[in-house]
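To keep things clear, I will list the structure first and then write my remarks on it.
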Amino acid sequence: MTVPHPSLSPNDEAITIGILLCGHAPEDIAADMGNYDDMFVDLLKGHGLRFRTYAVVDNQFPDSVEECDGWLITGSKHGAYEPHSWIPPLEKFIRDVYADGRPMVGICFGHQIIAQALGGTVEKYSKGWAVGRQDYLIDGQPIALNAWHQDQVTKVPPGATVIGQNAFCDNAALLYDNRILTVQPHPEHTAAFFERLAESRGRGLVPDEVLDEAIARMDEPTQHQTVADRMAAFLKRGA
């Protein structure tokens with residue numbers, strides 16, 4: 001089953017982006033702020049895009065890469081290396097999109113599962129968590145974005161170029177032959193969402209000192225819209 005985003009008329013926009021939903025927001029947050037796909041719809045609004053959600057985490061997959069003009073893979077609480085039934089078909093779909101040439105964007109888990117599907121390695125990072133506002137260099141430009149991850153791409157797959165990093169994450173953004181763009185942090189995470197996520201999932205999972213520092217910086221500005229603009233332009237290339 002696929003789900004068109006209810007806030008958009010099917011006739012309003014020309015370019016359809018399939019959102020591959022790889023996890024669900026905590027129920028209490030989703031009730032107030034929407035699920036992860038809703039956050040991307042909000043992030044990319046105003047760019048002439050229409051969205052259709054496929055809950056791959058619930059084994060709901062597109063029939064073909066041709067169903068949409070481009071694809072976006074969301075974050076998830078799951079690890080790319082975990083033995084879930086939906087991981088292998090998702091990896092195959094990623095390889096099919098790459099072969100087809102339609103644009104694809106991956107965020108956090110999306111960044112990781114794309115790397116793994118195309119021959120890279122994803123691991124739980126020995127130095128712990130990156131949570132909250134982080135400073136990156138992406139294409140040589142300073143970019144601050146919110147992050148929430150312990151897993152990282154530790155081996156870059158063939159054909160991928162590292163275009164973003166910081167001291168904690170060597171492979172924070174990757175570009176695959178101008179076909180796929182992925183970033184480790186979360187441009188879709190607002191300060192309000194991060195605060196709720198920290199309350200809902202943070203304590204007992206993320207070390208208190210890491211979480212407390214992240215919460216203290218929660219209201220500092222990020223360049224999420226700069227990254228959103230690039231994501232939208234990249235996805236529109238397929239139209």
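Computed from the coordinates by the stated procedures, all read-outs in this text should not be read as laboratory data. Just so it is clear, the model here is predicted, and its values are computed rather than measured. Cβ atoms come from the backbone with ideal geometry, glycine included; neighbour counts cover every protein chain shown.
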- Message: Cβ-Cβ distance below 6 Å, separation of 6 or more or different chains: which pairs start in the stretch 136-154 with a residue that is over 23 Å from residue 118 (Cα atoms) and end on one that is aromatic (Phe, Trp, Tyr) and assigned to a strand (DSSP E or B)?
- Response: 143/136
- Scope the stretch 95-115; condition in a helix (DSSP H, G or I) and touching a residue at least 40 places away in the same chain (Cβ under 8 Å); matching residues: 97, 98, 109, 110, 111, 112, 113, 114, 115
- When you go through (1) touching a helix residue (DSSP H, G or I) at 6+ places or on another chain (Cβ under 7 Å); (2) of a type outside the set (A, V, I, L, M); (3) surrounded by 22 or more Cβ atoms within 10 Å (Cβ to Cβ); (4) not in a strand (DSSP E or B) one by one for residue 146, which number turns out not to apply? (4)
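Every residue, every condition in (1) out of contact with any Ser or Thr (no Cβ under 9 Å at 6 or more places or on another chain); (2) more than 22 Å from residue 133 (Cβ to Cβ); (3) charged (D, E, K, R), yes or no:
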site: 184; (1), (2), (3): yes, no, no
site: 188; (1), (2), (3): no, no, yes
site: 193; (1), (2), (3): yes, no, no
site: 197; (1), (2), (3): yes, no, no
site: 201; (1), (2), (3): yes, no, yes
site: 216; (1), (2), (3): yes, no, no
